[in-house]
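The values are calculated or read from the model by the stated rules, or taken from the named source; none is laboratory data. Please read these numbers as outputs of a predicted model, since none were measured by experiment. Every residue, glycine as well, gets a Cβ built from its backbone with ideal geometry; the counts of neighbours run over all protein chains shown.
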Protein chains: 2
Amino acid sequence: MLGNFSYHNPTKLYFGEDALGYLNEELPKYGKTVQLIYGGGSIKRNGLYDEIVAILKENGKTIVEDAGVMPNPTAEKLREGVKLAKENKVDFLLAVGGGSCCDYAKAVSVSVHCDDDPWDKYYIRFEEPTCEIVPVGCVLTMAGTGSEMNGGAVITNHEQKLKIGHVFGDDVMPKFSILNPKYTMTLPKRQMVAGVYDIFNHICEQYFSGEDDNTSDYLAEALMKSVVHSSLIAVENPEDYEARSNIMWSATWALNTLISRGKSTDWMVHMLGQAVGAITDATHGMTLAAVSLPYYRFIMPYGLKKFARFATEVWGINPAGKSEEELANEGLEALKNWMQTIGVAMNLSELGVTEDMIEAIADATILLDGGYKKLDRDDVVAVLKASL
Amino acid sequence: MLGNFSYHNPTKLYFGEDALGYLNEELPKYGKTVQLIYGGGSIKRNGLYDEIVAILKENGKTIVEDAGVMPNPTAEKLREGVKLAKENKVDFLLAVGGGSCCDYAKAVSVSVHCDDDPWDKYYIRFEEPTCEIVPVGCVLTMAGTGSEMNGGAVITNHEQKLKIGHVFGDDVMPKFSILNPKYTMTLPKRQMVAGVYDIFNHICEQYFSGEDDNTSDYLAEALMKSVVHSSLIAVENPEDYEARSNIMWSATWALNTLISRGKSTDWMVHMLGQAVGAITDATHGMTLAAVSLPYYRFIMPYGLKKFARFATEVWGINPAGKSEEELANEGLEALKNWMQTIGVAMNLSELGVTEDMIEAIADATILLDGGYKKLDRDDVVAVLKASL
């Protein structure tokens with residue numbers, strides 16, 4: 001905890017099978033016109049849409065429909081959402097879905113009362129909000145991004161071939177989020193697994209950086225162990241409520257700023273994965289999985305001590321008689337075995353990436369310097385090629 | 001995470017060597033008259049008092065002095081503090097000190113605008129606040145109680161020989177807390193060690209209950225490991241900033257409701273320790289330490305699986321070839337060794353308790369039923385006698 005930092009996370013969470021009822025406590029705090037944000041038709045098929053519309057009506061709300069938020073929400077969709085909110089003078093944004101819907105709602109929330117183009121303002125010029133922020137609430141149906149309790153909002157611009165995240169401050173975080181693990185059970189297994197790897201990698205991004213014995217690293221290890229434990233149960237039995245609930249709760253704490261307090265962070269797997277996503281539109285968690293092992297093998301020599309700790313503390317590998325390097329390698333082997341067991345994408349080819357796309361992906365990769373070894377463009381190309 | 005629960009912790013934390021400067025950001029949000037709450041003269045000797053008074057004056061505040069908050073704040077002192085706040089129509093309560101000062105400030109905050117006697121209302125009738133709550137801020141000088149980010153307020157009534165905690169809701173939590181690990185370095189070593197054991201036991205109270213593979217238990221183990229690791233450094237070198245900062249941060253997260261989400265909790269060590277405190281006025285953390293091992297040995301047979309997990313996950317004990325009972329015993333031996341190494345009270349005799357006090361302590365012990373075995377009064381007497 002050597003750094004100076006602040007921590008403030010005002011999002012109120014309602015967790016469990018009965019959590020939706022708390023919408024009735026929250027909705028009266030906000031204005032009459034609610035923009036109801038969701039993705040495809042899954043919430044209509046499983047009845048959640050009807051339940052939420054009924055609650056909104058009981059609370060006297062006027063509903064502005066904003067359907068069709070895609071898995072990687074686009075700048076184009078964002079502009080449409082902002083227009084809809086402006087035209088209807090919405091008072092509240094209610095996102096029902098996974099991280100994409102929550103992210104999109106936050107990006108809309110900081111743009112409704114601004115005149116600038118939201119993509120240019122927040123994703124090219126990286127400005128902070130300068131206008132009134134419309135409050136956001138989330139009903140989460142997929143565990144993964146942590147968007148339900150943070151200020152992050154990732155938007156993709158297909159024309160510019162960019163997928164960029166902006167982490168806003170605590171005034172943009174959802175006012176409340178409703179987390180019912182049962183909702184996550186309706187997802188296809190591949191989506192669940194992608195979410196699990198997204199969670200795990202959020203933790204890795206904050207863990208594989210820095211060299212002290214920071215409390216945050218102990219907490220990161222705890223979350224990793226819980227995710228691994230519960231994911232192995234959930235892939236066998238996706239209906240296991242306890243496993244799904246632990247995955248959902250771990251996802252929230254993996255990316256709500258707690259485990260990065262007082263330490264440096266990496267985030268290069270996300271930069272690589274987001275670049276892959278910008279070019280291919282592949283599922284976010286799978287893009288992370290496909291580049292992770294080559295990336296970690298590349299940086300391992302520069303952070304041997306932490307990779308050795310990862311092996312013993314997360315995977316329970318016995319250190320007796322082993323060098324740091326041996327331990328570090330065994331840790332990455334354990335990670336690989338777990339990834340194969342739960343069934344994530346093990347390489348970029350599985351996601352449709354071909355060698356001729358590598359240069360474009362490298363162009364779209366933002367280079368950060370918090371990890372054990374700063375990558376240059378050649379390194380990025382090498383990691384991407386090793387990921388094919 | 002089988003239970004339904006909510007989580008909302010709006011306290012803003014400023015952490016690090018430069019944290020005090022953030023008072024200048026926070027103070028303008030509150031009214032003019034500030035009740036400055038502190039304990040003995042230590043903050044006058046180390047200069048913190050002068051620094052804070054200067055900041056308050058720069059921000060145009062009128063200071064109402066409320067000194068002399070004792071380590072176990074009394075109902076009598078609470079009534080005086082409420083009277084002072086009423087007479088001066090204070091707008092804000094700024095506690096500078098350890099958990100006692102923060103607890104006391106919260107107990108005052110819910111009583112200023114009420115007519116009832118605060119002890120009777122909150123500690124005998126256990127009512128919730130029914131009047132306007134005066135906002136509280138904390139500048140923490142001792143790590144231990146977690147009071148800086150929760151709604152808890154423990155008050156002692158010597159006449160009635162009772163020491164009782166009331167956990168208030170999120171509207172009573174401090175609006176902000178300033179955590180500078182350097183302040184904790186001015187404490188005598190015995191106080192530091194008592195704080196360390198208080199932290200560790202807060203985690204135990206939430207850990208030793210329930211039987212699932214809850215994410216909260218993994219987080220609890222992480223905090224325990226971090227506290228053990230850093231405490232061993234800090235007892236050798238109390239000036240080690242990194243160790244002291246990790247202890248301070250772990251203390252906050254050990255008792256801000258995170259690690260109890262979705263699970264049952266115990267809290268009997270605190271009930272026993274608080275009863276000892278009510279009779280002897282001994283240091284809180286030491287009262288917990290003195291009764292812990294006899295209590296855990298008593299309940300161990302009813303929670304063998306968790307005690308075995310405690311041994312392997314917290315203390316790194318190799319489970320090969322051992323029964324759950326053997327492991328559980330080795331875990332408690334490891335706990336005992338650590339307690340002896342850091343130098344906490346290992347029995348009640350060290351705290352001045354004699355056999356003739358046992359009945360009075362048992363009378364003052366509140367019996368809870370969240371742990372692996374509910375104690376009856378005879379069990380309490382047995383545990384207390386084993387603690388002598």
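When you scan region A:259-272, do you find a residue that is outside the structural domain of residue A:52 (by TED's automatic domain parsing), in contact with a strand residue (DSSP E or B) (Cβ under 8 Å, 6 or more places away or on another chain), farther than 28 Å from residue B:227 by Cα and not in a loop (DSSP other than H, G, I, E, B), even just one? Yes: region A:259-272 contains one or more residues that are outside the structural domain of residue A:52 (by TED's automatic domain parsing), in contact with a strand residue (DSSP E or B) (Cβ under 8 Å, 6 or more places away or on another chain), farther than 28 Å from residue B:227 by Cα and not in a loop (DSSP other than H, G, I, E, B). Evaluate the following for residue A:225: is it in contact (Cβ under 8 Å) with a residue 60 or more places away in the chain, within 14 Å of another protein chain (Cβ to nearest Cβ) and of a type in the set (Lys, Arg)? So residue A:225 fits the description; yes.
Evaluating residue A:311 against the criteria (1) free of Cβ contacts under 8 Å to residues at least 24 places away in the same chain; (2) under 21 Å from the mean Cα position of the chain (by Cα) leaves one unmet condition, (2). Scanning region A:232-274 for residues that are of a type in the set (S, T, N, Q) and under 21 Å from residue A:221 (Cβ atoms) yields A:245, A:246, A:250, A:252, A:256, A:257, A:260, A:264, A:265. Filter region A:1-49 down to the residues that are among the charged types (D, E, K, R) and either within 27 Å of residue A:112 (Cα to Cα) or more than 13 Å from chain B (Cβ to nearest Cβ) (or both) and list them by number. A:12, A:25, A:26, A:29, A:32, A:44, A:45, listed by residue number. Note on region A:173-224: residues that are of a type outside the set (Asp, Glu) and under 30 Å from residue B:316 (Cβ atoms) amount to 22.
Please specify each residue of region B:72-115 satisfying the condition of being at pLDDT 95 or above and among the charged types (D, E, K, R). Selection gives B:76, B:77, B:79, B:80, B:83, B:86, B:87, B:89, B:91, B:103, B:106. Taken over region B:152-166, the criterion of being crowded, with 24+ Cβ neighbours inside 10 Å and among the small types (Gly, Ala, Ser) is satisfied by B:153 alone. Can residue B:19 be described as among the hydrophobic types (A, V, I, L, M, F, W, C), in the same structural domain as residue B:133 (by TED's automatic domain parsing) and more than 30 Å from residue A:252 (Cβ to Cβ)? Judged against the criteria, residue B:19 is not a match. With the condition kept exactly as written, say whether any residue in region B:277-285 is away from chain A (no Cβ under 12 Å), closer than 16 Å to residue B:143 by Cβ, within 18 Å of the chain's Cα centre (by Cα) and in a helix (DSSP H, G or I). Yes: region B:277-285 contains one or more residues that are away from chain A (no Cβ under 12 Å), closer than 16 Å to residue B:143 by Cβ, within 18 Å of the chain's Cα centre (by Cα) and in a helix (DSSP H, G or I). Exactly one residue out of B:172, B:154 is over 15 Å from the mean Cα position of the chain (by Cα) and of a type in the set (A, V, I, L, M, F, W, C): that is B:172. What residue, among those in region A:249-258 that are assigned to a loop (DSSP other than H, G, I, E, B) and among the polar types (S, T, N, Q), is farthest from residue A:19 (Cα to Cα)? Looking at the filtered set, the residue picked out is A:257. Give region A:39-58 a look and list any residue that's over 19 Å from residue A:104 (Cβ atoms) and among the charged types (D, E, K, R), or say none. Residues satisfying the conditions are A:45, A:50, A:51, A:57, A:58.
With respect to residue A:265, determine if the residue is modelled with pLDDT of 95 or more and hydroxyl-bearing (Ser, Thr, Tyr). Taking the combined requirement at face value, the residue satisfies it.
Which members of region B:4-31 meet the condition of being within 19 Å of residue B:54 (Cβ to Cβ) and in contact with a helix residue (DSSP H, G or I) (Cβ under 8 Å, 6 or more places away or on another chain)? Listed by number, the residues that qualify are B:14, B:17, B:20, B:23, B:24, B:27. Return the residue satisfying two criteria in turn: it lies in region B:167-188 and is in contact with a helix residue (DSSP H, G or I) (Cβ under 8 Å, 6 or more places away or on another chain), part of a loop (DSSP other than H, G, I, E, B) and surrounded by fewer than 19 Cβ atoms within 10 Å (Cβ to Cβ), and of such residues it is modelled with the highest pLDDT. Filtering region B:167-188 for residues that are in contact with a helix residue (DSSP H, G or I) (Cβ under 8 Å, 6 or more places away or on another chain), part of a loop (DSSP other than H, G, I, E, B) and surrounded by fewer than 19 Cβ atoms within 10 Å (Cβ to Cβ), the one modelled with the highest pLDDT comes out as B:175.
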